[in-house]
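In what follows, a single structure is set out as structure tokens and then discussed.
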Amino acid sequence: MPDTPRRAVRRACLFALPAAVLLFAGCGTRVSTLYEKVMGSPSYARTTEKHTRTKEAHDGLDTRFILSATWLSPEWVRAFSEEFAGIYYLDAARKEKVISQWKTESEANVRFFVALFVPDERGNDLEKPDTLWSLRLVRADEKDFPPVYVRKSGLKPEEISRFFPYSGTWYRAYEVAFPKEAAEGAAAKPGEPRLKLVLSGVQGRAVLAWE
């Protein structure tokens, strides 16, 4: 008996379903890789969260400032390099330039990505020589070090939002370097921080600690 249109459609679906299952099974890894290039890999997000600290300074209900910083340790730089390369896999020049710069500078110094929010943006000027802020790095033996440099981040605004999502519209982003010896010296005692980033000024004081 000849097939009716309904039977023909049903038979086509029965053949198409297994084929679709096989197709998506074969493309699973590719889809996952594409998702990570577009949305960001979970491993990078975990590494950044592990290396990031935040402190808020308040005067009653008023916010004086909010300080967030990510320690650009060798572990973080490896995760960043993989993430950046995945995103810019079609832009070799941009990829090589940024990854090479961040690796080289992080090997020569102890570096941090710093995001600072101040209600009056005129006071958000960490990079200026005459700033009223003081930024120091304190190691386990309580010896403190001034920055080698403080500069506005060289990343594009869209890249800052992608790689450091805590740095919102009203923040200013900085790259801060301290001498390599700031991470050397005696090991920290159990339960005590290895490094402390201390920001102080007329608006208050914030201490971020990493063990």
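The values are calculated or read from the model by the stated rules, or taken from the named source; none is laboratory data. All figures in this text were calculated on a predicted structure; none of them were measured in a lab. We place every Cβ from the backbone using ideal geometry, glycine too, and count neighbours over all the protein chains shown.
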**Prompt:** Restricting the search to segment 122-144, which residues are of a type in the set (Asp, Glu) and surrounded by 12 or more Cβ atoms within 10 Å (Cβ to Cβ)?
**Reply:** 125, 127, 144
**Message:** Suppose we filter 78, 46 for residues that are over 28 Å from residue 125 (Cα atoms), in the same structural domain as residue 148 (by TED's automatic domain parsing), surrounded by 12 or more Cβ atoms within 10 Å (Cβ to Cβ) and without any contact (Cβ under 8 Å) to a residue 40 or more places away in the chain; which single one remains?
**Reply:** 78
**Message:** Go through (1) touching a Ser or Thr at 6+ places or on another chain (Cβ under 9 Å); (2) farther than 23 Å from residue 47 by Cβ for residue 181 and report which single condition fails.
**Reply:** (1)
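To keep it simple, each residue is scored yes or no on (1) closer than 12 Å to residue 115 by Cα; (2) at pLDDT 90 or above.
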position	(1), (2)
147	no, yes
161	yes, yes
166	yes, yes
176	yes, yes
180	no, yes
187	no, no
**Request:** From (1) in contact with a helix residue (DSSP H, G or I) (Cβ under 7 Å, 6 or more places away or on another chain); (2) hydroxyl-bearing (Ser, Thr, Tyr); (3) farther than 19 Å from residue 49 by Cα, pick out the condition that doesn't hold for residue 200.
**Result:** (1)
**Asked** Does residue 199 satisfy being touching a Pro at 6+ places or on another chain (Cβ under 7 Å), in the same structural domain as residue 83 (by TED's automatic domain parsing), crowded, with 19+ Cβ neighbours inside 10 Å and not aromatic (Phe, Trp, Tyr)?
**Response** no
**Conditions (1) touching a residue at least 40 places away in the same chain (Cβ under 8 Å); (2) among the aromatic types (Phe, Trp, Tyr); (3) closer than 25 Å to residue 42 by Cα: number failed by residue 102** = (1)
